[in-house]
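Engineer: Dropping the structure in here first, questions after.
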Amino acid sequence: MAATSTSVATQTLADQNVAAALETRAISAALEYVELHRESTTAFLANIAAIVSPSGKERKRAEAVAARMRNIGLASVFVDETPNAIGVIPGYSGLALVFISTLDDLATVADYQRTAKTSPHVKGDRLIGPGTNTSSSTASILAAAEALVASGFTPEHDLIFAAVAQEETGLIGMKVVYEAFKDRAVGFVDVLGDGRRISYGAIGIHWWRVIATGPPGHSLRGGLPNVNQAIGRAVDRILQMPLPPGNKDSRTIVNVAMLRSGAVFNHKPATGWFSLDIRSLDMKAIDAIEADVATVLSDVSSETGIQLEMEPFQLTPSGQIPGARESTLVTTAEAISRHLGLEPTLSNSGSSNMNIAIGNGTLAIGLGGSRGGKRAEAGEWANIPAMLRTATHVVLLAATIGGGT
């Protein structure tokens, strides 16, 4: 679904607010600080990128991020049980603007980290090494936080900087942060890049494992029931299900990508599973599809004698907030991107930590864009200038949306 444009007056006001922030002494000093501390920001990224942090095992990296938060002068720094690392620049309004980055890496990144022959190292404008790409967003938000503190900026709203855990395994850290700040948040900003892309709506993505269970046996004593017959029959029927009306507008889709069972030629497996990917801008469409899938699985179980159960793998909510495109948060982010020399692409179908906020009716945006390349590959790298642009974007959002002097 294409994003709609804003009115000229709305966007002009956002441009004016950004221009006014640029003229203040504290923000001018903060932006200069970001550029002058390129080396220390890069060194911090190299430090946390070298810490093996697959989803669910981020404690050591979270503690390193929290230590950095304390060193740069953030208040109320702590690491929760998730573990999320959170720090604050206090304001005085009682409200909060929350910046989010991701702590965890994919399992494949962790594998490359363990076997890497060198530590993350600088080559030109790149920091090369597994773990550098995703963590560059955390380095960016803390570079911005450090610059704001050093410049003496006093925000109107609390500025919350949260590096959240378990993004890859269900947005678990974001759920904890959302519950903590939802009642006083003016908005959540999921920092994924420099702002080349700005998302203000959320596409729902539900990933399931459909697990088949039945009697095992050697081929000579095999026959039916067989988990593979049930898997094949269920997949065929699911992929033939008609999608809800209006599926093109709602970007509704159903996909089966993985089928797993058995290990040898001459044995009937006791278990197997297949993946199920359901996504849509319309949560009701996802609910309807899942109800139809449940019916298919029940029918196939009755026909084959094989038990079929849906097990959630990752359930990311969808959401569309009326007026989000015209909101001050979105139009200001758009104005900042243009100030940075970017022509941002706007989308109402993002998928990231921000989905938790949007799915629960709270305004949020995702800043996407350049972070580097070869993510989850041996040659992964982070783009250092892009990291600093991202920090600049965060500074300017803090000044315009967070208010203050």
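Values in this text are rule-based calculations from the coordinates and carry no lab data. No experiment lies behind these values; they were computed from the predicted model shown. Using ideal geometry, Cβ is built from the backbone for each residue, glycine included, and neighbour counts are taken over all protein chains shown.
Engineer: DSSP loop trypsin sites (Lys or Arg not before Pro) in segment 315-395 with at most 15 other Cβ atoms within 10 Å of their Cβ, which ones?
Structural biologist: 374
Engineer: If you stretched the chain out fully between residue 287 and residue 81, how much longer would it get, using 0.36 nm times the residue separation minus the C-alpha to C-alpha distance? Provide the component values of the computation, followed by the final result.
Structural biologist: Values: separation 206, 0.36 × 206 = 74.16 nm, distance 3.13 nm.
Additional length available on full extension: 71.0 nm.
Engineer: What order do you get for 125, 194 when you list them from fewest to most C-beta neighbours inside 10 Å?
Structural biologist: On the way: 125 14, 194 30.
Ascending Cβ contact count within 10 Å gives the list 125, 194.
Engineer: Among 218, 288, 208, whose Cα projects farthest towards the positive end of the dipole of segment 204-316, with charges put on the beta-carbon of Lys, Arg (+1) and Asp, Glu (-1)?
Structural biologist: Most positive-ward Cα: 218.
Engineer: Turning to a different aspect of this structure: Which order results if 218, 37, 393 are arranged by neighbouring Cβ count within 10 Å, fewest first?
Structural biologist: 218, 37, 393
Engineer: Which stretch or stretches of segment 251-283 have amide N atoms under 15 Å from the point lying 7 Å from residue 220's Cα along the Cα→Cβ direction?
Structural biologist: 266-268
Engineer: Pull up the DSSP beta bridges for the chain and report the antiparallel fraction as a percent, rounded to 5. Before the final figure, lay out each step's value.
Structural biologist: Details: 47 of 68 bridges.
In the chain, approximately 70 percent of DSSP beta bridges are antiparallel ones.
Engineer: Quick one: 171, 239, 281, fewest Cβ neighbours within 10 Å first, how do they rank?
Structural biologist: With the sparsest Cβ surroundings first, the list reads 239, 281, 171.
Engineer: Taking the alpha-carbon centroid of each part, what is the distance from segment 333-377 to segment 7-28 in angstrom?
Structural biologist: The distance from the Cα centre of segment 333-377 to that of segment 7-28 comes to 20 Å.
Engineer: Subtracting the Cα-Cα distance from 0.36 nm times the residue separation, let me have the gained length for residue 405 to residue 28 in nm, one decimal.
Structural biologist: Numbers: separation 377, 0.36 × 377 = 135.72 nm, distance 1.14 nm.
That pair, residue 405 and residue 28, stretches by 134.6 nm at full extension.
Engineer: If you put +1 on each Lys and Arg Cβ and -1 on each Asp and Glu Cβ, how big is the dipole of the chain around its Cα centre, in Debye rounded to 20?
Structural biologist: Computed about the Cα centre, the dipole is about 900 debye.
Engineer: So which of 175/374; 182/374; 248/284; 60/175; 60/117 end up more than 23 Å apart, counting from Cα to Cα?
Structural biologist: As for pairs spanning more than 23 Å Cα to Cα, those are 175/374; 182/374.
Engineer: Also: Calculate for the chain the 222 nm mean residue ellipticity that helices alone would give, adding -39,500 (n - 2.57) per DSSP H run of length 4 or more and normalising by residue count, nearest 500 deg cm²/dmol.
Structural biologist: -13000 deg cm²/dmol
Engineer: For a protection proxy built on the mean count of beta-carbon atoms within 10 angstrom, sort 176-185, 93-102, 7-16 highest first, please.
Structural biologist: Ranked from most to least packed, the peptides come out as 93-102, 176-185, 7-16.
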